[in-house]
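Reading through the structure tokens given below for one structure.
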Amino acid sequence: MKRPAAPALDDSRIERWTAAAVPWWVTRVVLIVAWFIAFLLAVFNDSTTCTPADPSVCGPDVSFAVAIVVLLATPILLWWMPLAGCAAGVLFAVLDLVFDDQRAANIAFAFHGLLCVAVAILLVEARGRQTTIVAEVAEPVHLDPAVAARVRDSFPRWGGRSIIAVLLLVAGVGGFGWYDHRAGQVARHEAAAVHVDGVVRSADNAAGEIVVDVPQPVRVNGLLNSYEPGQVVPVLVDGSWVKLVAEPEDVTPWLSGGLGAIALALLLLIREQRMRAARRRLLNGPLPAVELTAEPDDDGRAVLHGGMAVVPVEASPLELEKPLLTGEDVPWDDKWTAEEVEDFGQDWRGPGRRDEPQTVTVAGDLRDGGWVLLISDSHVLVPEAPLRMPRKRPEITDPLPGDPLPAAELAGDLPELPVEVGRTRRDRVFGALSMLGFAAPVAVAAGLPEGWWQTIIFLFGGGSFVYSGWARLSDRLTLTRGGLVLHDGLRVHHVPWPRLHGVRVDGGKVWLAWEPNIAAETNGVSEEWGAVMLRLRDLAQAAGDPGGQATSRLLGGGLAVVLVYVLAAIVSVLV
């Protein structure tokens, strides 16, 4: 396929285009710092005192539970999606004026909201100026319908964002359900409780914890006010359930957590649908297009013209995966051609020098936040996210890790096969000990964590230990006469020696690559064993061993460990 011709965007227009953009630090520094200042002013000027005369002052507040989601989302969105972040800042400023009676907070967040309005206007105007500059030279292009159809057919039905969004929706519904359950429990306790006066025996105000005699000593935690030993405080008592009248039990954090999870899920789904709609629009054309240079960075993004903008793409030439090829002379199946496989192997065994930037046709809305399609003579790069203006020029390094290891470094005879390398007795011991992370759900079920935040820390830490332990126990590399077998936690790869491309060493780590284009980092494998593998590969090729196809499959044991831990964590929270 020949790349569609388009006029080049000259250097003077590129300078004007870059200068027209709102600097990155306006949204990612100025607005976020202003948000933190407003937040601190609101906190330190809050003179609210919990009182038994009006328990609602420190009691559950559903409106605050909703508003705090918008509040905490604002700095995240300002970094991730600036226009959405500005909208969140304005929305919270309005909510604060309506529901908050603290004058300092009203003024601080109103000022931040006005800043957000001003920056949002600047962003919209800047993007319009960039579009106008590109339109001065852009000409319409249309992707070949057959190529567009093939590219369109290659899109997965479910993207990573959609899967994460579904999980977040489930978590959000669970948060709502648990909030309703806990709110019902608290309501029943309060309805059945007896109002008595208790005496503070001891107080740890820094930890928000006191011991009250009612008349038996009872520990009450999660408090906001300061208390002194000997102080008489009204309390509500229902068996072992004891709460201060001035500080009712608040379970609205579960409501906030559920709402936050659902809000994030909706954002991801909206982003996914915007990406899909943009891809359909880009492939259907015609589109305004210009010519620029592009090269991949370390994150798999396409860097335009020396860093003027970056575009996260699905088929980056840098990533070690099958590129989205185009052209009538290229087979449109899931296999690389023999020439492509050989080229990849030669690159892997070679010095790994970086290629020069390629000339591409950039079609679509070339502006900050726009969606563009990059077309070269051999690739169609579809966007995974909108175009962004980088803070600094992205790092462009060699596309392959480290340096190639030659087989000539092997000294002495070959070892007796099969042999297992890369796993030591220390790994097995630490792996077995790390599996004790399964104790985390047990601790949660026993009620050891105090509050939802500690529960999250317990379960996340336990899960990290379990996965690390399983990886230490299962990760290994076995060399056989027919090939190598690599276990990497959740998958096992069988690679015949003729299918091995080569071995590279990067900072003491040994990397392997095999057909067609798979690369993997090994653990605990030395350079000497890398030389052994290359020697075995050379001997197999010299003997004319045709070998078989390299295969990869999921390890049932790894999935079982993950699922068992997830189920245990869910049960521990619900009991």
Roughly how big is region 123-191's charge dipole about its Cα centre, with Cβ charges of +1 (Lys, Arg) and -1 (Asp, Glu), in debye to the nearest 20?
280
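Between HIS142 and ALA432, 0.36 nm times their residue separation minus their Cα-Cα distance comes to what? List each step's numbers first, then the result.
Values: separation 290, 0.36 × 290 = 104.40 nm, distance 5.87 nm.
Additional length available on full extension: 98.5 nm.
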On Cα atoms only, tilt of 82-99 relative to the major axis of the chain in degrees
10
Those aspartates and glutamates that a straight Cα-Cα span of less than 16 Å connects to LYS2, excepting residues fewer than 8 apart in one chain:
ASP144, GLU291, GLU328, ASP329, ASP377
For the charge dipole of the chain, defined by +1 on Lys and Arg C-beta atoms and -1 on Asp and Glu C-beta atoms about the Cα centroid, which residue among VAL571, THR49, VAL290 has the Cα displaced farthest towards the positive pole?
VAL571
What is the sum of charges around ALA6, taking Lys and Arg as +1, Asp and Glu as -1, for the other residues whose C-beta is under 15 Å from the C-beta of ALA6?
-4
Find the centroid of the Cα atoms in region 158-172 and in region 35-85, then give the distance between the two in whole Å.
27
Give me the distance between the Cα centres of region 103-141 and region 218-251, rounded to whole Å.
49
Taking the solvent-accessible surface of protein heavy atoms with a 1.4 Å probe, what is the per residue accessible area of region 459-552 in Å²?
42
Choose one of ILE133, SER162, ALA187: the residue whose Cα lies farthest towards the positive end of the charge dipole of region 119-199 (beta-carbon charges +1 Lys, Arg; -1 Asp, Glu; about the Cα centre).
SER162
Rounded to the nearest 10, the angle in degrees between the Cα long axis of helix 452-474 and the longest principal axis of the Cα atoms of the chain comes to 30
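Can you give the calculated 222 nm mean residue ellipticity of the chain, where each DSSP H run of n ≥ 4 adds -39,500 (n - 2.57) and the sum is split over every residue, rounded to the nearest 500 deg cm²/dmol?
On the way: 14 runs with 255 residues, N = 575.
Taken over the chain, the calculation gives -15000 deg cm²/dmol.
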Label point distance in nm, ALA19-THR48, each placed 7 Å from Cα along Cα→Cβ
5.0
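May I ask you to give the percent of accessible area on the chain that is carbon plus sulfur, with a probe radius of 1.4 Å?
Values: 17870 of 29530 Å².
The nonpolar share, carbon plus sulfur, comes to 60 percent.
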All aspartates and glutamates inside 14 Å of LYS509 as judged from Cα atoms, apart from same-chain residues fewer than 8 positions distant:
ASP403, GLU521, GLU527, GLU528
Diagonalise the Cα gyration tensor of the chain and give the resulting equivalent ellipsoid semi-axes, square root of 5 times each eigenvalue, largest first, whole Å.
53, 38, 19
Expressed as an acute angle from 0 to 90° and rounded to the nearest 10, what is the orientation of the C-alpha long axis of helix 32-44 relative to the principal long axis of the chain?
20
Tell me the per residue accessible area of region 92-153 using a 1.4 Å probe; a whole number in Å² is fine.
54
Just read off the accessible area of TRP17 with the full protein assembly in place, 1.4 Å probe, to the nearest 10 Å².
0
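The values are calculated or read from the model by the stated rules, or taken from the named source; none is laboratory data. Note that the structure is a prediction, hence the values are computed from the model and not measured. As a convention, Cβ positions derive from the backbone with ideal geometry for all residues, glycine included, and neighbour counts pool all protein chains shown. Protein only, heavy atoms only, side chains kept; ligands, DNA and RNA dropped before computing areas. Shrake-Rupley method; radii C 1.70, N 1.55, O 1.52, S 1.80 Å.
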